[in-house]
Amino acid sequence: MLANSLIELDRAHLIHPVASYRGHERQGVRVLKSAFGATVTEANGHQLIDGFAGLWCVNAGYGHESIIEAATKQLRELPYATGYFDLGSEPAIRLAAELAERAPGDLNRVYFTLGGSDAVDSTIRFVRYYWNAKDEPQRDQFISIQQGYHGSSTVGAGLTALPAFHAGFGLPFDWQHKIPSPYPYRNPVGEDDVAITAASLASLKAKIEEIGADRVAAFYAEPIQGSGGVIVPPKGWIKAMCDLCKSYGILFIADEVITGFGRTGPLFACADEDIVPDMMTVAKGLTSGYVPMGAVFMADHVYDVIADGAGDAAVGHGFTYSAHPVSAAVALEVLKLYEGGLLENGIKAGARLLAGLESLRDHPLVGDVRGRGMLYGVELVTDKAKKTPLPAASQPARRIFDRAWSNGLVIRAFPQGVLGYAPPLCCTDSDIDAIVERTRKTLDETLQDPEIRQAMA
């Protein structure tokens, strides 16, 4: 009765993110009741391995008592403190210092947000302010990458290059430009790393010259494109793109909302790629999803230009819940867990997951396996030689997700037939083996779809 009541209440009142509203009304909600480690449980008792860590975010896994205790202690002591009026709280101050200490290069300033979308949106405002402070207001054009994801805020969604985030919203804006994704599996130049990087550099340079080098404000890139289908650029690609931007005096913004906090192995992917962006966005793994929080890391030279440009005037950007003390207390504890063994376990579990997913290459539907750390994509095709995508009529996103769910596995199923994996770093060997086993079962069931069989005939 309770579950049924919740389903009807959900249908009547709760608007879900990135959903077909009418489709969701027909489908009905799946109510999650509890979670522990890498396992989530529905209200009906159905248990699943969470192969996607919530939404790329529960990096530490569920049920850590130390995180709960940190939040509880802070709620009792000081549940809220604004950052306005020169006020602050100890957890937020200490968190900013701890993060700056671990960030690449001179990313020594940290602005806290509620999540990834408003972190990206904040960078847009900071970039605008930076160039105005430098008396170069004509630098008002932004470049990002096809199949990239930079949030769903009103402005950030225009930097995002996925059709669903533009349709019906009047996006992108005319000052938001795109270059092709590196996408090694489907790059017109082939899968050679050197050729892919050279092609991306040529595309970026051409776009800069087309717009006018003195008009480009910033370039945005993810170390690995997440929501675009877990697209992994060649090693050295992002450094080459960063260096090109710096040669033009263009600000380079690294979006680590997905890749940060052990998702690709190290605490930050940028450190592993040997780059120091001008700004870097994080969220998700920052608090492991236990409470909302994101952040913008800002290089000293960017901060100084903004601070000097403002002088004694206030920089008019802020959120009510920026530097929230409870979120900061949680993030501090999560950081301890990462460095207390979770990062190490994530690397070990990631190697096992890669080996397991690679073993699926013999399946008739598997065209590509790619990823790094604990972030992977499996691209499905009906013809391996021609790399033919799954037919739209097979509804790959909906059907594959549903089958995996029935088989006790949470994954991301993208519309183009890519399966996304981002399990918690706490996964055991048995968790990883279950992910692979249940994926193969799901693929076998998908192979029986009439639309799939017809496409493969």
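The values are calculated or read from the model by the stated rules, or taken from the named source; none is laboratory data. The structure presented is a predicted model; accordingly, all values stated were derived computationally and were not measured. For neighbour counting, all protein chains shown are included, and Cβ atoms are generated from backbone atoms with ideal geometry for every residue, glycine included.
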(request) Please work out which one of (1) over 24 Å from the mean Cα position of the chain (by Cα); (2) farther than 26 Å from Asn59 by Cα is the condition Pro389 fails and give its number. (result) (1)
(request) Might you let me know whether segment 79-86 holds any residue that is over 24 Å from Leu375 (Cβ atoms), touching a residue at least 60 places away in the same chain (Cβ under 8 Å) and among the β-branched types (Val, Ile, Thr)? (result) yes
(message) Can you find, within segment 94-132, the residue that is surrounded by the fewest Cβ atoms within 10 Å (Cβ to Cβ) among those that are farther than 19 Å from Pro292 by Cβ and among the β-branched types (Val, Ile, Thr)?
(response) Ile124
(request) Run Val232 past the list (1) crowded, with 23+ Cβ neighbours inside 10 Å; (2) within 25 Å of Pro423 (Cα to Cα); (3) among the β-branched types (Val, Ile, Thr) and report the number of the one that doesn't hold. (result) (1)
(message) What are the pairs with Cβ atoms under 7 angstrom where one residue, in segment 47-69, is touching a residue at least 40 places away in the same chain (Cβ under 8 Å) and the other, located anywhere, is in a loop (DSSP other than H, G, I, E, B) and polar (S, T, N, Q)? Sequence gap at least six, or different chains.
(response) Ala53/Asn59; Cys57/Ser288; Val58/Ser288; Asn59/Ser288; Ala60/Ser288
(message) Test of understanding: among Ala198, Ala254, Ala217, Ala221, which residue is surrounded by fewer than 24 Cβ atoms within 10 Å (Cβ to Cβ) and closer than 27 Å to Ala299 by Cα?
(response) Ala217
(request) From the list Glu136, Glu191, pick out the single residue that is more than 21 Å from Met241 (Cα to Cα), outside the structural domain of Ala385 (by TED's automatic domain parsing) and among the charged types (D, E, K, R). (result) Glu136
(request) Any chance you could count how many residues in segment 319-375 are in contact (Cβ under 8 Å) with a residue 12 or more places away in the chain and either among the polar types (S, T, N, Q) or at positive phi (or both)? (result) 8
(request) Six or more apart or on different chains, Cβ under 7 Å: which pairs go from a residue in segment 190-209 that's farther than 14 Å from Val232 by Cα to one that's hydroxyl-bearing (Ser, Thr, Tyr) and at pLDDT 95 or above? Could you list them? (result) Ile208/Tyr248
(request) May I ask you to list the residues in segment 169-184 that are in a loop (DSSP other than H, G, I, E, B) and either farther than 18 Å from Ala157 by Cβ or in contact (Cβ under 8 Å) with a residue 40 or more places away in the chain (or both)? (result) Pro180, Ser181, Pro182, Tyr183
(message) Here are the criteria: (1) assigned to a helix (DSSP H, G or I); (2) out of contact with any strand residue (DSSP E or B) (no Cβ under 8 Å at 6 or more places or on another chain); (3) within 18 Å of Arg440 (Cα to Cα). Tell me which single one Pro364 does not satisfy.
(response) (1)
(request) Filter segment 296-327 down to the residues that are of a type in the set (Gly, Ala, Ser) and in a loop (DSSP other than H, G, I, E, B), then identify the one that is surrounded by the most Cβ atoms within 10 Å (Cβ to Cβ). (result) Ala323
(request) Pick out the one residue from Gly420, Gly371, Gly408 that is under 30 Å from His64 (Cα atoms) and either polar (S, T, N, Q) or touching a His at 6+ places or on another chain (Cβ under 8 Å) (or both). (result) Gly408
(message) Being surrounded by 13 or more Cβ atoms within 10 Å (Cβ to Cβ), modelled with pLDDT of 95 or more and within 29 Å of Arg412 (Cβ to Cβ) is true for just one of Gly63, Gly83. Which residue is that?
(response) Gly63
(request) Determine the pairs where a residue that is in the same structural domain as Gly51 (by TED's automatic domain parsing) and assigned to a loop (DSSP other than H, G, I, E, B), located within segment 392-410, has a partner that is modelled with pLDDT of 95 or more and aliphatic (A, V, I, L, M) with Cβ atoms under 7 Å apart, the partner being 6 or more residues away or on another chain. (result) Gly408/Leu48; Gly408/Ile49
(message) loosely packed, with under 15 Cβ neighbours inside 10 Å, of a type in the set (S, T, N, Q), in a helix (DSSP H, G or I) and at pLDDT 95 or above: is that true of Ser5 in this structure?
(response) no
(message) Based on this model, can you work out whether Ile179 counts as in contact with a Leu (Cβ under 6 Å, 6 or more places away or on another chain), closer than 30 Å to Val418 by Cα and of a type in the set (A, V, I, L, M)?
(response) yes
